[in-house]
1. Lys and Arg at +1, Asp and Glu at -1: add these up for the other residues within a Cβ distance under 10 Å of G156 and post the number.
2. Could you tell me the ratio Rg/Rh of the stretch 348-393? Both radii from Cα atoms, Rh via Kirkwood.
3. Using the alpha carbon gyration tensor of the chain, what are the three equivalent-ellipsoid semi-axes (square root of 5 times each eigenvalue), largest first, in whole Å?
4. In Å, what is the Rg of the alpha-carbon atoms in the stretch 280-422, and how long is Dmax?
5. Within the accessible area of the chain, what % is carbon and sulfur when the probe is 1.4 Å and the other protein chains stay in place?
6. Residue separation times 0.36 nm, minus the C-alpha to C-alpha distance between T255 and L300: what's the value?
7. Starting from the Cα of E207, step 7 Å along the direction of its Cβ; do the same at K8; then give the gap between the two resulting points in nm.
8. Could you tell me the center-to-center distance, by alpha carbons, between the stretch 286-337 and the stretch 352-396 in angstrom?
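The values are calculated or read from the model by the stated rules, or taken from the named source; none is laboratory data. What you see is a predicted model, and the numbers here were worked out from it, not measured in a lab. With ideal geometry, Cβ positions are generated from the backbone for all residues, glycine too; neighbour counts draw on all protein chains shown. For the accessible areas, the whole protein counts, side chains as well, though only heavy atoms, and no ligand, DNA or RNA atoms are used. Shrake-Rupley method; radii C 1.70, N 1.55, O 1.52, S 1.80 Å.
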Amino acid sequence: MAEKFIIKPSGPLKGQVEIGGAKNAVLPVLAGSILTGQHCRISNVPNLSDVESMSELVESLGGHITWNRAKGIIDADTTNLQKYDAAYELVGKLRASFLIIGPLLARLGRARVPLPGGCAIGTRPVDLHLKGLAAMGAEIEHVHGYVEAKAKHLTGAKIYLDFPSVGATETIMMAATLAKGQTIIENAAVEPEIVDLANFLNTAGAEVRGAGTDTIKITGQQGLKGTNHTVIPDRIEAGTFMVAAALTGGDVLLTNVMSDHVKPVTAKLKESNVQVEESQEGIRVNATSDQIIAADIKTLPYPGFPTDMQAQFMSLMAKAKGTSVITETVFENRFMQVGELKRMGAVIKIESRSAIIEGVDQLTGAQVNATDLRAGAALVLAALTAKESTEISGICHIDRGYHLLDVRLNQLGAKIERVKEG
Ligand code: UD1
C-alpha cells in the first residue's frame, strides 16, 4: 500500500549522518557486471528500490544476484546470463536500466531493450547511446517500442557526443571494452560516476583511459573477468543533507563523503551565508548563526551545479533573504516541484528555463505530492521548516534514491512520520 510522510516543523537539525553509496554509480556497475560473465562483488551498495529494480533485470536475463542488504554487498554472477531480451515491465520501472544495452550487445552480440518513454523531468531521448553503438558497427532497429541491436563484432570508433550525456558515455564505454580496437569518446561526460564505472571496468580487465576528462579512450579486450568493487559515496544524498542542515539553521557533520564531489553545492551554500568546513572526519555544515541569503544557480554537467540538486536548492532559496534565479539547462522540464512549493507559500515565477524565487520568512504546511525523486526530496526539506504539518504523498519516488530518508533525518531531530495512505 502507498505510503506518505507527515512532517512536523523541526528545530535546527543537529548531529552526524553517514552518507550511503551512490545510486547513480551502482546502477551502471551492475549493468557492467554483465560484461564479465563471471562473479563480481560490489560493496557500499545503497539499499534502494532502484537498485532492486536493476538487480531484478539482471536476474531476468539469467544473472544471479545475492544482496546482503545489512552489509551493503551485492554478489552478481552473470556466468549463465544468456538472454538478450529485456522485459518492458522491468525497464519501465527505471530509466537507467536502458544501460544494459551496451553490455548485452558487447557480450551476446544482440540486445532487445524497450525504448524508455518520457518521464516526469522530460522526454530524455537515447539517441546518443544509439548513435555511439551504431558507430561501432551495431545494426539498430526500432520495432514496436523496442530497440533491437545486433553486431557480430563491435569495432572501435571515434565518437563525438553532441552533449556530454552521462548515460550515453556509460553505454559506449561499456560496449567498447569488448570491441575490436580502440574507441575514443569525445565530449564525454566527466561525472564522478563515470570515473567509478571506469575504475570498476579496469579492475575487471578493461583498458579505459581518461575517464574524468572529456576524452575517454577504450582499448577493447577479448574478455573481462570477475572483480571486487566499492562504489563511491552518493554526492546527491550528501548535498541533500547539506541543504537540510542549512535550511533548518542546523549543525550537521556528514561522514563518508567526497568533498571534491560536492564542491558546487559547497560553493553555493557558502555564497548563501552557510558555513561549510571540510575535515578528516567529513563535511560539517553549520547554519546556526547566519541568515540564509539568496544566490543564483545554473545547472550544468559536472563540475557545474548538479541538476539533481536543483530542486533541493530551490527549497532553500524559498526561505532565503532576497531574490534568486535558478536556471535549468540540463533537462527541459525539471521544475515539477514549483507548483507544490507554491502551495506551501513559496513565491516562485517560472520564465522559460529559469525560476525566479522571492524568499519568504515562513513556509506553511500543505498537502503536496512528490512527482519525482529530487522534487520529492525538495518537499521534505521545505516541510522541515514549514509552520504547520505537511503531508507528502508519492514518497515511493523518494525511496528510489534515498535509503530511509525519514529515519535518518529524524535521528538529526526532524519529526517525520511514515504512514499508510488511505
Ligand atoms: C544521469 C543521472 C541523473 C542525472 C543526469 C544528469 C543516472 C542513473 N542518472 O541521467 O540522475 O540527472 O545524469 O546529470 O546516472 N540526452 C539526449 N540524448 C541522449 C541522452 C541524453 O538528448 O541520448 C539529453 C537528456 O535528454 C538530457 C541531457 O542529455 O537533457 C542529460 O542527460 P544524461 O546526462 O544522459 O542523463 P542520464 O544519464 O539520463
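1. Surrounding charge for G156 is +3.
2. Numbers: Rg = 11.6 Å, Rh = 11.6 Å.
Rounded to two decimals, Rg/Rh equals 1.00.
3. 38, 21, 20
4. Over the stretch 280-422's Cα set, Rg and Dmax evaluate to 14.9, 46 Å.
5. On the chain, the fraction of accessible area on carbon and sulfur atoms equals 48 percent.
6. In short, 13.6 nm is gained.
7. Here the modelled spin labels are 6.3 nm apart.
8. 13
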